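Undergrad: Structure incoming, see below.
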Amino acid sequence: MIGDRLGRRRLLAAVGTGLATGLAGCGYQAAAGDFDWTESVDPYGGSPSVTWLGDGTHLFAVFERSVGPFGPSDGTVHVYDGGGQAVWTGSPDASRHGEPAIADGAAFLPLEDGTVVRLERDGDEQRQARVDSTAEGAQTTWKAEWYHAEESDASDTEPDEDDDADRVPRLALEASESLVAGSHADGVVGFDATDGTELFHLEFEDGLFGSRVGDEPDDPRIRALAVADDLVWTALEDRENGDALLVAVDADGSVVADVELATTPGWLETAGGDAGPALLLAVDGELRGLDRNRESAYTVPLESPPRSHDPAIVETGSTDRLYHASGESLTAIDLGTGEREWHRDDVRFTAGPVANADGVYGYGTLEGNGGRGCDLVGVAADGDDWWSVERYEDVDCGDELFLVDDRLVAATDETLYGFRWEPGSRYVLF
């Protein structure tokens, strides 16, 4: 791992970890919430801006801007496992320009030269063997151009500083194993995830809003995007009159469905289970599920204030389960049937929780943890209190939390912190 200078708190943590290891033979068992490791993401002190993305197995760090002559360049991707080890890293040949996405072990980045690139671990075993020790070994699988600047007027010899016509729009990407889609100020573009072929590019002037809102809205914008294996779902809003619409686009660029909404969704999520809906959205205080025919599958009332955290969705067998956290409530919903499995009104998460088949975790408050508002807590899959520990002092409540393999990982712009999530006894007398 990349070393960092040990401050007093990190030194004490390291001493504590060493003592715990020494006590292991005398009955010590690591317990849920125990600090396990730390890894410096910014060893050069450049204070980078990082976007963190997780797929449950690995954690992707995508740098937003340069961190100096010795640090990661703009657009560099570092990928970590649950032990904090960087397993591969790579950089595109242009700077990042928008929001990245991950799918199928790969990272997709929009770049300032009007292209989208797919980066993934190098599949050449011989070449990989030579670079594993330094976590290198990424390859650019494809690079696709999506933005073409209009030809300038040959008679115009003086550039206009206020003319933004040729400025590449920022692109916000979402991805599945087969499709990559990006939204920008004027529309949405789609690519084949495997080879980068541009599948469609729809803009508002092409009638993307559909007939219910009008082909030429006064002030349109895309509020949310979700990508499944064969469909791209887009939540659209006309800021002039508040009209909202959910549009489904297939891989050919055909608008196959449009659903009028009372308000714009708080979030869109695709579901991966064989049973249940293809799309989930939170709108007007309800969870709505749409089936694969783009028809309503069910509606579930949500006990939530106007703003709620993004949901956590996990596979629990033949169907998926959704955890919805908002205010002081936590609800588990079977996505196959739309039924609420359990609900609690005494759990407060300060940010969106993460979940696996065993439970749901995050920074927050359980009824029995003494009223502390920012502990690291776990609620079991059956809805019972599981564990609660005082937050590690180097981690803030606002730091992003991920499940990476068998660890909970807190991510800042500069450092990763790994914690155990499985309960243990800490000290056991044999």
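The values are calculated or read from the model by the stated rules, or taken from the named source; none is laboratory data. All of these numbers come straight from a predicted model, not from anything done at the bench. A quick note on method: Cβ atoms are made from the backbone with ideal geometry, for glycine too, and the neighbour counts reach across all protein chains shown.
Undergrad: Being part of a loop (DSSP other than H, G, I, E, B) and more than 22 Å from the chain's Cα centre (by Cα) is the filter here; which residues of the range 312-343 pass it?
TA: So in the range 312-343, the residues part of a loop (DSSP other than H, G, I, E, B) come out as 316-319, 327-328, 335-339.
Listed by number, the residues that qualify are 317, 318, 328, 336, 337, 338, 339.
Undergrad: Hey, another quick one. Which of (1) farther than 28 Å from residue 221 by Cβ; (2) touching a strand residue (DSSP E or B) at 6+ places or on another chain (Cβ under 7 Å) does residue 317 not meet, given it meets every other one?
TA: (2)
Undergrad: Sticking with this structure for a sec: Applying the selection to the range 144-195, what residues are at pLDDT 80 or above, under 20 Å from residue 94 (Cα atoms) and part of a loop (DSSP other than H, G, I, E, B)?
TA: Correct list: 146, 147, 148, 167, 168, 169, 170, 193, 195.
Undergrad: Suppose we keep only residues that are assigned to a loop (DSSP other than H, G, I, E, B), within 16 Å of residue 183 (Cβ to Cβ) and free of Cβ contacts under 8 Å to residues at least 60 places away in the same chain within the range 234-291. Which one would you say is nearest to the chain's Cα centre (by Cα)?
TA: 265
Undergrad: Tally the residues that are crowded, with 19+ Cβ neighbours inside 10 Å, part of a loop (DSSP other than H, G, I, E, B) and under 16 Å from the mean Cα position of the chain (by Cα), restricting the search to the range 75-127.
TA: Total meeting the criteria: 1.
Undergrad: In addition: Anything in the range 344-357 that is part of a strand (DSSP E or B) and of a type in the set (Val, Ile, Thr)? List them, or say none.
TA: Of everything in the range 344-357, just one residue is part of a strand (DSSP E or B) and of a type in the set (Val, Ile, Thr), namely 354.
Undergrad: Next up: For the range 398-413: of the residues being buried (at least 16 other Cβ atoms within 10 Å of the Cβ) and assigned to a loop (DSSP other than H, G, I, E, B), which is modelled with the lowest pLDDT? First the steps, then the outcome.
TA: Here is the first cut: in the range 398-413, the ones buried (at least 16 other Cβ atoms within 10 Å of the Cβ) are 399-404, 407-413.
Next, only the ones that are assigned to a loop (DSSP other than H, G, I, E, B) stay: 399, 412-413.
Working: 399: 88, 412: 82, 413: 72.
Among those residues, the one meeting the criterion is 413.
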